[in-house]
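Got a structure for you, questions after.
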Amino acid sequence: MHSQLYRLVYFSKNRIVGGPAAITVEIDSILRSSQRNNTRMDITGALIFNTGIFAQVLEGPRDSVEATFEKIQQDVRHSDVQVLAFDATDQRAFARWSMGYFGRSRESQDLFGHIAAATGFTTAGLEGARIFEIIRDIAFEEEGRAA
Amino acid sequence: MPIRAKSQSLALAKSSKRRPPAALRAQQPADALALSVFMQMKRAAAVVDHDGRLLLSNSVFDELFGAEGGNAMLARINGEAGRNAGKTSRQERFPNGRTFEIETFPVDQGWLIAAGDVTDHLAGQARAAEAARTDGITGLGNRLMFREQLTRLLHNPDSAAATVALLVVDLDRFKALNASLGRKVGDALLGLVGKRIRSAVAAGDTVARLEADKFGIIQVGQPQPQSADALAIRLVDLIGRAYLCDGQLINVAGSIGVVLPSPGAQDCDHLLKNADLALGRAKKDGHGSYRFFEAEMDERMQARRHLEIDLRRALALREFVLVYQPQVNLRTNTVTGFEALLRWQCPTRGAVSPLDFIPLAEETGVIIPIGEWVLRTACREAAKWSPAHIVAVNVSAVQFGNPNLVSTIISALAESGLDPRRLELEITESVMLDARGTAHAVLQVLRTMGVRVALDDFGTGYSSLGYLRSFPFDKIKIDQSFVRGTSNDPVGAAIVRAIAELGQSLGMATVAEGVETADQLARVASDGCTEVQGYYFSRPMAPDQIESYLSTRNRTNLL
Ligand SMILES: Cc1cc2nc3c(=O)[nH]c(=O)nc-3n(C[C@H](O)[C@H](O)[C@H](O)COP(=O)(O)O)c2cc1C
């Protein structure tokens, strides 16, 4: 068992098919699975999404991060996963797990804006803020390109 | 005391008495011995008469079957034993969950029954059988299990062949990964790949690791080919996604070969072979591809195999000949030497172009004996020529991989008596690409013996200037593609000029190959090449034509 703390940062293309209704269902399902599993696996981090992409930070014991990532990799709701960082770290940058919508679409904002509030979107310290900014920028940048 | 004639349950209860009934009581010492063995046997044992009554039982039997289960068994055994007069043996599972092997033997009084508990033994056997069919690294089935499963499916008349697909998946570059990451991570990665494959197939499908980094999948009960197609697409995608393993980010790609069994196909190995052929093609297409098997792949494979057989035979049957093409020095207008070129006159195929058989000869290693024959023959021929002429022999990278190359060359020179300075080896840059540097060392040795070395086909491939610096070649041969195109190809002309200048400053001769017209000759001459070779001067000729060619040339030159 490897309990060294690791941090993973990746982004991927959103492959959820269907209209807003389908997206709501799937996002809800990811939210529920994550809330259920991540606490148990001692995983914290942030998942941000829009209609084009997902960008995620996962922090936790190495085995937990690897196992969770392996599960996420097999998920058909996204593809083209690009790992940006996978490194050992001393400290968590995210004190809990949270999820939020970051996109330009007004309609989606209305649909998913509440999720951040629901998960209590927070970062911890400067490092957390920095990483959060990176994935948020990626989300905005890639939104149009990936869709 | 009479033989027990009461109800069987009573008989069973009573049988726990140690004392045997009178009828069976020992008369002789040998009987006494037999009886005591019977009573103390570890197996349950009993004697039953022809009417199904228990005559005698040992304590193990009483303990095991003393309850109701025993009666039912006795009745059944009696019935069965009556039907087949000889010895019988079978396994039976009892309500307590244990399995017994029960044997019956006819004896004078009726039947001897012996029973042993084989539950643990069977479980052990089942475990061993399971283990023998399980791959330790991935927990999936192994090749044995896969072949059994496939054979069963192919022989089962109920399984509709039209709904079955066989897929083989192979990881690209896995060996290199394994070497750099270590066995432990490599094995863990195989485990993850196995899980991903498992996650993509249906519950009734079979997944196994067939060998090293090769997995096999049997897809069943799905409309084909569309289901295999969809699965292959999904697997290529899934397997190609990044892995986090042992704290590292790992990328691999999987290639896939698919074969759909034709109706009535029963040969498991044949199917696996065809899947492998399709896989081979997928790998050629590049990382992360998949291919369905087509009969044409098999035909091509067969054709290659036949060519290889013919090729191996050709040497013994003396079907090879060497022809020689002159190289002419442009400044002196004299023949400096001849390049030896291999020709194969196959009795069944006719003349086979070197382009068609050399690559296969290299792949299969047949090039080594062929190359040796070329070296010896060329040296022997050249030794008969005027000492002014050298002979150039092509030596491939595969031959450089053979540790005997130097001794072969030494012996070819010694046998023929050819001055080493009259032998020129033509090598391509693939020889220099050898990472271990052994080719370089071999070249140095040959060089000190006086053997000349030319760099062939320069301008194609990488054409790294580094090669030119790493070894002092005597000659650079400029590939004919640049020479031929010169009239309306300013880039080709520029390349010829650049190489010629390079050769000049490095003190290396430059040979323009494939010169066919006076126009081309004039151009490569003005570009600064020192020598030319090509149809313009002469086609390659048989060894017995060389003399007359040279004398005709001398005569016309004198005019
Ligand atoms: C972009 C993306 C991010 C996800 N992140 C998580 C996560 O952090 N934790 C998690 O358990 N599942 C996550 N999932 C869902 C998993 O892929 C999977 O569906 C889920 O873990 C199944 O959980 P269950 O077996 O408990 O139902 C994510 C899915 C996607 C598409």
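Taken together, the values in this text are just the output of simple stated rules run on the coordinates, not laboratory data. The shown structure was predicted, so the numbers you read here are calculated from the model rather than taken from an experiment. All Cβ positions, even for glycine, are placed from backbone atoms using ideal geometry, and neighbour counts span all protein chains on display.
Got the relative contact order for region B:136-293 handy, in percent, Cα pairs under 8 Å and 6 or more residues apart?
Taking the mean separation of contacting Cα pairs over the length of region B:136-293, I get 31 percent.
Mind jotting down a quarter of the surface of the convex hull over the alpha carbons of the protein assembly as shown, in square nanometres, one decimal?
Across all orientations, the protein assembly as shown yields a mean hull projection of 53.8 nm².
Ok, one more. Residue farthest toward the positive end of the dipole of the protein assembly as shown, with Cβ of Lys/Arg at +1 and Asp/Glu at -1: which of B:Pro369, B:Pro29, A:Asn14?
Highest projection toward the positive end goes to B:Pro29.
Take every Cα-Cα distance within region B:298-399, group them into 5 Å bins from 0 onward, and report for each bin the whole-number percent of pairs it holds.
2, 11, 21, 21, 16, 12, 8, 5, 2, 1, 0
Also, quick follow-up: Of B:Gln545, B:Val185, B:Met41, which is farthest along the charge dipole of the protein assembly as shown in the positive direction, counting Lys and Arg as +1 and Asp and Glu as -1 at C-beta?
The residue sitting farthest along the positive end of the dipole is B:Met41.
Normalised by the residues of region A:5-146, what does the relative contact order come to in percent, with Cα pairs under 8 Å and at least six apart?
35 percent
Now for a different question. Okay, which of region A:49-86 sit inside 20 Å, backbone N to the point 7 Å along the Cα-Cβ direction of B:Ile233?
A:74-81
Let me ask something additional. Give, rounded to the nearest 20 debye, the magnitude of the charge dipole that region A:5-146 has about its Cα centre when Lys and Arg contribute +1 at Cβ and Asp and Glu contribute -1 at Cβ.
Here region A:5-146 has a charge dipole of around 260 debye.
Run through region B:505-546 and list the chymotrypsin sites (Phe, Trp or Tyr not before Pro) located in a DSSP loop whose Cβ has at most 13 other Cβ atoms within 10 Å.
Those satisfying the criteria are B:Tyr535.
Right, something else. Across every pair of different alpha-carbon atoms, what Kirkwood hydrodynamic radius in Å does chain B reach?
So the Kirkwood estimate lands at 31.3 Å.
Hand me the chymotrypsin sites (Phe, Trp or Tyr not before Pro) from region B:249-295 located in a DSSP loop with no more than 16 other Cβ atoms within 10 Å, in residue order please.
Listed in order of number, the matching sites amount to none.
Any idea how far the Cα center of region B:168-237 sits from the one of region A:1-78, in Å?
Their Cα centres are 24 Å away from one another.
Just to confirm the number: angle between the C-alpha axis of helix A:125-146 and the first principal axis of chain A, 0 to 90 degrees, nearest 10?
Rounded to the nearest ten degrees, it is 40.
Could you work out the mean count of beta carbons from other protein chains within 10 Å of each residue's beta carbon in A:82-88?
If you average over the peptide's residues, the count of other-chain Cβ atoms is 2.
Size of the dipole of the protein assembly as shown about the Cα centre, Lys and Arg at +1 and Asp and Glu at -1 on the beta carbon, nothing else charged, in debye to 20?
Approximately 1880 debye in magnitude.
Given N residues in region A:41-94, what is its alpha carbon radius of gyration divided by 2.2 N^0.38 Å?
After normalising by residue count via 2.2 N^0.38 Å, the value is 1.15.
Quick one: which residues, 5 or more positions from B:Leu55 or on another chain, have an amide H under 5 Å from its amide H? H modelled 1.01 Å from N in the peptide plane, none for Pro or chain starts.
Here the answer is B:Val47, B:Val48, B:Asp49, since their amide H atoms fall under 5 Å of that of B:Leu55.
Could you tell me the relative contact order of chain B? Use alpha-carbon pairs under 8 Å, at least six residues apart, and round to a whole percent.
8 percent
Rg and Dmax of region B:305-554, using alpha carbons, in Å: what are they?
Rg then Dmax for region B:305-554, in Å: 17.7, 50.
Relative to the longest principal Cα axis of chain A, at what angle does helix A:106-119 sit, 0 to 90 degrees, rounded to 10?
30 degrees
Another one. Hey, any idea what Rg/Rh is for region B:218-343, computing Rh the Kirkwood way over Cα pairs?
1.27
For peptide B:246-257, compute the average count of partner chain beta-carbon atoms within 10 Å of each residue's beta-carbon.
2
On C-alpha positions alone, give me the angle between the axis of helix A:62-73 and the longest principal axis of chain A, in degrees, nearest 10.
Here the helix axis deviates by roughly 20 degrees.
While we're looking at this one, here's another question. Find which of A:Ser29, A:Leu5, A:Tyr101 sits farthest along the positive direction of the dipole of chain A, computed with +1 on the beta-carbon of Lys and Arg, -1 on that of Asp and Glu, about the Cα centre.
Of the options given, the answer is A:Ser29.
When Cβ neighbours within 10 Å are restricted to other protein chains, what is their mean count per residue of peptide B:263-272?
Rounded to a whole number, the mean comes out at 0.
So how do A:24-31, B:452-459 stack up, highest first, on mean other-Cβ count within 10 Å?
For the peptides A:24-31, B:452-459, the packing ranking is B:452-459, A:24-31.
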